[in-house]
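Here, each number is a calculation from the coordinates, and none is a lab measurement. Just so we're clear, the structure is a prediction, and the values are computed from it rather than from any experiment. Heads up, the Cβs are rebuilt from the backbone with ideal geometry, glycines too, and the neighbour counts pull from every protein chain shown.
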Amino acid sequence: MRCTFTSVILLLLASSLALAAPDSPPPSPERFDWDLAGQIAVQAGGRVKPLDSYARELVKSIHGRSSYAHQHPVESYFHWMSDGEKWAGEPLVYLPKNDLRKRLGLHEEKGNHFSLLSLRSRSELMSLVMEAQSREEEGEKLTFTQTKARDLLFRMGALSDVFIHEAPLFVPTADPEVAWFSMPEVITRLEDSTSILPEDEHLIALGFMAMYNAVGDERSDIFNSGAHVIIEAQRTMLVNQERLLSKLDWEYRLNRLNPFLWAKVLLIHGFVFFFASLRSAWSRWKKVAFIQLLGGWAIYTFGMALRMYIAGRAPWSNMYESLLAIGWALVLLAVIFEAIRRDRLFGAAGTLLGTIVLGLAQFASLDRGINPLVPALQSYWLNYHVIVTLAAYACFALAMAVGHVVLISGVRSKGQVTSAIAQLTRANLRIIQIGSLFLIAGILLGAVWANVSWGRFWGWDPKKTWALICWFVYIILLHGRSAGWLAWRGLAVASVAVFPVVVMTYYGVNYYLSGLHSYGAGSSPGIPWQVFAYLGAEALFLAWALWKLRGTGRPHPAAAIESEEASALTTEVAS
């Protein structure tokens, strides 16, 4: 048994270290310095960002993966832009098997990537986009196929702009509110004998052409020199925009440091040590586990703070950022409860849930870019309404995890209410109370925001309605506990069983219902199999726990109670 337990610990540690492995080795001086080129400032997507950020977003959007052919994203960008005619015939554009592929006549083709030329030849694509535009003008909800057709056309346009050098924009303007110049525009002016370019614009154009030719000629020295020239010229032109230059530097560091990855690594290690410390022989590891939990949260907070500074707004405006916010709140709750209680279970639950949330944010097909706010979200209330509501979801997720622990502990104790079960039940009750308070506060803040924006406090929007349903569900649970309907076992079962309502409120409304909060409506072909797997797994777990606990629930007279206080608490919980 000891060998098995030790093997599990070592396996978990090895897995976490593998996640921290670098994507690629650092370039040698003789190679193209893609990292240097990534520091060039560009304007795209409504804001100024490092070329490194633009390239990452471009490759992810076009190819559906974080890299193409194991290349640095900046390398992929320069290869694509240096020979658009060649790459237009290469299978770059990601298009998974779905109804859109059937409509385009590509359902029998192998693979999930197609060339720009092959997609342009599909006349049905424009028909679908025109249908989508007509339905949108009539106020009707778009179908999944129409939504994906518009998205595909947008991605094809973005790739075409790269091929013809219309995107991104490299040359700053004197007015920060005015769009930057594209390279074709500046090069045309450079070649025009009647036009005189400012020196810095001239240098940027020459640097760009040097880098463009160097990629084809495989001259890394010229490429790196061109990157230096562009960076210096841009910084001269932006010398009066110190805040912008600072944000560019920090965004590049954010991409390089990847704090959310390192937070995840620390949280995984924390979970391993919390899990190990549950054995009395290894209990000394709980201090190390708590330090890793605290360190993971600190790095997590650093990453969130960087996104806030770079964006100039609260970092929870889309699905990706809201996932990060939920994970951050989860880990913070774990830090607080573990610091107060020191029972290791909250630390283990928080590190595990934080790791899962960060994993979902990393691997889900979500836009990770730092984008300008849509008009509907440009409000002071975004800073408070969203995070308070997400904190409520984090509380309910932690309560769900504690419910699992209580039921497993109950099965192990054969239904006897131990002091650990009693204390966890009381803590679970407090977590649900805090979550319910956060949720109603978030609903009320949203109502105030709605009144400011649309002149009414309530409009039965699906998100608001489901948030209210969620609150009523947990209020019923709390009243059931207060009225004595739910003992320790009932509260644990309920905290697990009702969590799918939170999943529907947070995730389902965004993708399957139409409303002001349904930013992803029409973008999903159906309920993912993972949701059914989760529901099935939870149903099996609850059935197993209830079967094992049938006919039990009252404390046994001989139950091992560690103190008089724990004994009184056990009697209260079991009543």
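Specify, per residue and in Å³, the volume enclosed by the convex hull of the alpha carbon atoms belonging to the chain.
Considering the Cα atoms of the chain, their hull volume per residue is 191 Å³.
GLY64's amide H: which non-local residues (gap 5+, or another chain) put their own amide H closer than 5 Å, with H modeled 1.01 Å from N in plane and none for Pro or chain starts?
Hits under the 5 Å cutoff: TYR94.
Just tell me which lysines come within less than 21 Å, Cα to Cα, of LYS148; anything on the same chain fewer than 8 places away is out.
Reachable lysines: LYS60, LYS97, LYS102, LYS110.
Short version: ³J(HN,Hα) in whole Hz for each residue of region 155-169, in order, from phi by Karplus 6.51 cos²θ - 1.76 cosθ + 1.60 (θ = phi - 60°), x for Gly and Pro, what are they?
Rounded to whole hertz, the list is 5, 5, x, 5, 5, 4, 4, 5, 4, 9, 6, 7, 9, x, 9.
Take the alpha carbon atoms of region 181-237, find their center, do the same for region 294-355, and report the distance between the two centers in whole angstrom.
About 43 Å separates the Cα centre of region 181-237 from the one of region 294-355.
State, to one decimal in nm, how far the label point of LEU244 lies from the label point of THR301, with both points 7 Å from Cα in the Cβ direction.
3.3
What distance in nm separates the two pseudo spin-label positions at ARG31 and ASP343, each 7 Å out from Cα along the beta-carbon direction?
5.1
Along region 205-217, what does the Karplus equation 6.51 cos²θ - 1.76 cosθ + 1.60 (θ = phi - 60°) give for ³J(HN,Hα), rounded to whole Hz, x for Gly and Pro?
4, 5, x, 5, 5, 5, 5, 4, 6, 5, 5, x, 8
Could you tell me the calculated FRET efficiency between ILE475 and GLU177, based on Cβ-Cβ distance and R0 = 45 angstrom, to the nearest 0.05?
0.40
Along the Cα→Cβ direction, 7 angstrom out, place labels at SER365 and PHE144. What is the inter-label distance in nm?
Here the answer is 1.0 nm between the modelled labels.
Roughly what percent of Cα-Cα pairs across region 171-268 reach past 15 Å?
When all Cα pairs of region 171-268 are counted, 70 percent exceed 15 Å.
Can you work out ³J(HN,Hα) from phi for every residue in region 530-542, in order, using Karplus 6.51 cos²θ - 1.76 cosθ + 1.60 and θ = phi - 60°, giving whole Hz and x for Gly and Pro?
Each residue of region 530-542 in turn: 4, 5, 5, 5, 4, 4, x, 5, 5, 4, 5, 4, 5 Hz.
Between LEU261 and LYS548, what FRET efficiency comes out of the Förster formula 1/(1 + (r/R0)^6) with R0 = 51 Å and r the beta carbon distance, rounded to 0.05?
So the FRET efficiency works out to roughly 0.85.
If you average the alpha carbon positions of region 244-263 and of region 49-127, how far apart do those two centres end up, in angstrom?
A separation of 27 Å, based on Cα centres.
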